[in-house]
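Just below is one structure, and these are the notes that go with it.
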Amino acid sequence: MNERDSDAVATLLRDKGYSIVNEEKTADVILLNTCSVREQAEQKAIGKAGYITARKRRNPNLVVGIMGCMAQNKGNDLVDKLPDLDLIIGTQKFHRVPDHLSNFIKSMSGLGPRPNTIIDIEEEKGSQNTIKSHAEEKKVSAFVSIMQGCNMKCSYCIVPKTRGSERARPSSEIISEIKDLAKKGTKEITLLGQIVNQYAVREFPFLEKKSPFVQLLEKVNAIDGIERIRFTSPHPVGFKDDLIECYKRLPKLCEYLHFPMQSGSNRILKAMRRPYSIEKFKHIIEKLRAIKPDIYISTDIIVGFPEENEDDFEATRSAFESIGFDMAYIFKYSVRPGTTAEPKGDPVSREIKEQRNQVLLDILNKSSLARNQSLIGTTQEILLEGHAKRGNNMFTGRTRGYRKVFTHASDRLIGELVEVKITKATASSLTGDLVITN
Ligand code: 5AD
Ligand code: SF4
């Protein structure tokens, strides 16, 4: 989501005549987009911002701003920590960056003192409709933000505070954005939202028992040129049969789901205020696998939530192993200000969190390696995204199951669906040979 927001801001700035440079050192303006989900992410951003603002001593014209969740979360307090910041822009104000920047630059060009920090972190009605611009160049795969905010109150999570309450974009605007992307050559769309399957449940009606999100998926599936659809992240609550059946009905919907489990212990799920049981979570996966046996599933897990004891962790470990995830993000619990879990503190030690993290990582490595190895010898459809960083004239792309693949190819195939015969597998990637068809 932050990547998408940054890209939208960069596009707005380009439209105003700014150019985006490749190297931080050569920039006249540096904007940091920030995450508050864990404390470490905030510490990192503060460290980085401190390092950048120190450069102003050598280059007094340098303009430095912080945008996004940490700007929203810390607001004025950031100026105390970082008095040299010029802009602090909240999550509902990304679209205002060009105006704030140009006002700041205008007021800087006198001989007087440096203007005060511009702080804009208000709520703004309709701000969900402002993350819509994309760069002119073709994107093989594009993120599309369909909603903002979250009405859930998971006890560990700062997002409802930083992103505000749930607000959906009208589906007509989303569809026209995707049609424009398709015209420019985009083949793959990832729909983004904090709880994407809750899209517009309050604003738009269910039709023939289909949720507004399912109706949106159907419309995206009908867009010429779009070949693949993904979405992230859904919540188990509201993951109903109408959505499960989409995996049977909608050919462009990829066999891949990022499905946050958070914990395998019902006691901890309850303390986290995640309103489902591990049995319900598994049941949804069973239903999906009944329709698409080879679906790829990834998840988010938090280890070390307050009061997570050995039995709770064992429940997580066992669910994690029996489900067999293809990918997972495993997080060590971090206390977040203003959340309902904050008063519980952080009683689980860092060592135990580290140990639990490692247990899950070991399971994950085994299951993703086994899954990848099972693909050796098969031919997979890959959307070729571009040159691989590792060089050797290799290109990279992904399977429908979101597995990363390296292959030799040529520039003209970037943005195309190609067939690749898989020859090698590691836990995190596949390598293969392009299948030449006439
Ligand atoms: N501590 C650790 N992980 C967290 N997440 C959200 N809040 C916290 C927190 N306080 C994780 C959840 C979520 C992912 C985006 O970040 O697993 O799904
Ligand atoms: Fe945070 Fe829970 Fe909302 Fe996800 S569903 S953004 S974890 S409050």
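Values quoted throughout were computed directly from the atomic coordinates according to the rules given, and no laboratory measurement underlies them. The structure presented is a predicted model; accordingly, all values stated were derived computationally and were not measured. No Cβ is skipped: glycine too gets one built from the backbone with ideal geometry, and neighbour counts run over all protein chains shown.
The table for this structure:
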{"quantity": "Cut-off 19 Å, label 7 Å out along Cα→Cβ of residue 392, residues of the stretch 415-432 by amide N", "calculated": "420-432"}
{"quantity": "Dipole magnitude of the chain, debye to nearest 20 (Cβ charges: Lys/Arg +1, Asp/Glu -1, about Cα centre)", "calculated": "240 debye"}
{"quantity": "DSSP loop trypsin sites (Lys or Arg not before Pro) with at most 12 other Cβ within 10 Å: longest gap in the chain", "calculated": "210-388"}
{"quantity": "Quotient of Cα Rg and 2.2 N^0.38 Å for the stretch 251-320, N being how many residues it contains", "calculated": "1.20"}
{"quantity": "For the stretch 138-254, convex hull of alpha carbons as volume per residue, Å³", "calculated": "104 Å³"}
{"quantity": "Set of aspartates and glutamates near residue 366 by C-alpha distance (under 20 Å), chain-local residues within fewer than 8 positions excluded", "calculated": "294, 300, 314, 321, 326, 354"}
{"quantity": "Sites residue 59 and residue 16 - FRET efficiency at Förster radius 22 Å, r taken between beta-carbons, to 0.05", "calculated": "0.50"}
{"quantity": "Point-to-point label distance, residue 107-residue 26, nm (Cα→Cβ direction, 7 Å offset)", "calculated": "3.1 nm"}
{"quantity": "Kirkwood-Stokes translational diffusion coefficient of the stretch 2-120, alpha-carbon pairs, 25 °C, 0.890 mPa s, µm²/s", "calculated": "170 µm²/s"}
{"quantity": "Two-site label geometry, residue 241 and residue 321: point separation in nm, points 7 Å out along Cα→Cβ", "calculated": "3.4 nm"}
{"quantity": "Chain lengthening between residue 428 and residue 176 when straightened (0.36 nm per residue, less Cα-Cα)", "calculated": "87.2 nm"}
{"quantity": "Placed amide H near residue 299: partners under 5 Å, 5+ positions off or other chain", "calculated": "259, 327, 328, 329"}
{"quantity": "Antiparallel content of DSSP bridges confined to the chain, in %, to 5", "calculated": "35 percent"}
{"quantity": "Convex hull volume of the stretch 348-397 per residue (C-alpha atoms, cubic angstrom)", "calculated": "140 Å³"}
{"quantity": "Ellipsoid semi-axes in whole angstrom, largest first, where each is sqrt(5λ) of the Cα gyration tensor of the chain", "calculated": "35, 29, 23"}
{"quantity": "Calculated P(r) of the stretch 289-438 - Cα pairs past 26 Å, %", "calculated": "42 percent"}
{"quantity": "Computed label-point distance, nm, for sites residue 340 and residue 267 using a 7 Å Cα→Cβ extension", "calculated": "1.9 nm"}
{"quantity": "Sum of -39500 (n - 2.57) over DSSP H runs of 4+, divided by residues of the chain (222 nm, nearest 500)", "calculated": "-10000 deg cm²/dmol"}
{"quantity": "Fully extended contour minus Cα-Cα distance, from residue 222 to residue 77, at 0.36 nm per residue", "calculated": "47.4 nm"}
{"quantity": "Loop-resident sites, the stretch 182-284, for GluC sites (Glu not before Pro), counting at most 11 other Cβ within 10 Å (DSSP)", "calculated": "208"}
{"quantity": "Mean-position separation - Cα centroids, the stretch 332-356 and the stretch 162-229, in angstrom", "calculated": "35 Å"}
{"quantity": "Charge tally in the Cβ shell below 13 Å around residue 368, where Lys, Arg are +1 and Asp, Glu are -1, residue 368 excluded", "calculated": "+1"}
{"quantity": "Förster radius 22 Å - calculated FRET efficiency between residue 413 and residue 135 (Cβ-Cβ, nearest 0.05)", "calculated": "0.55"}
{"quantity": "Dipole-positive endmost among 393, 276, 348 within the chain (Cβ charges, Cα centre)", "calculated": "393"}
{"quantity": "Dipole-positive endmost among 304, 2, 285 within the chain (Cβ charges, Cα centre)", "calculated": "2"}
{"quantity": "Calculated FRET value between residue 350 and residue 435, using beta carbons and R₀ = 35 Å, to 0.05", "calculated": "0.15"}
{"quantity": "Proximal charge balance of residue 380 [Cβ under 10 Å; K/R count +1, D/E count -1]", "calculated": "+2"}
{"quantity": "For the chain, cysteines whose Cβ has no other cysteine Cβ within reach (under 4.7 Å)", "calculated": "35, 69, 150, 246, 254"}
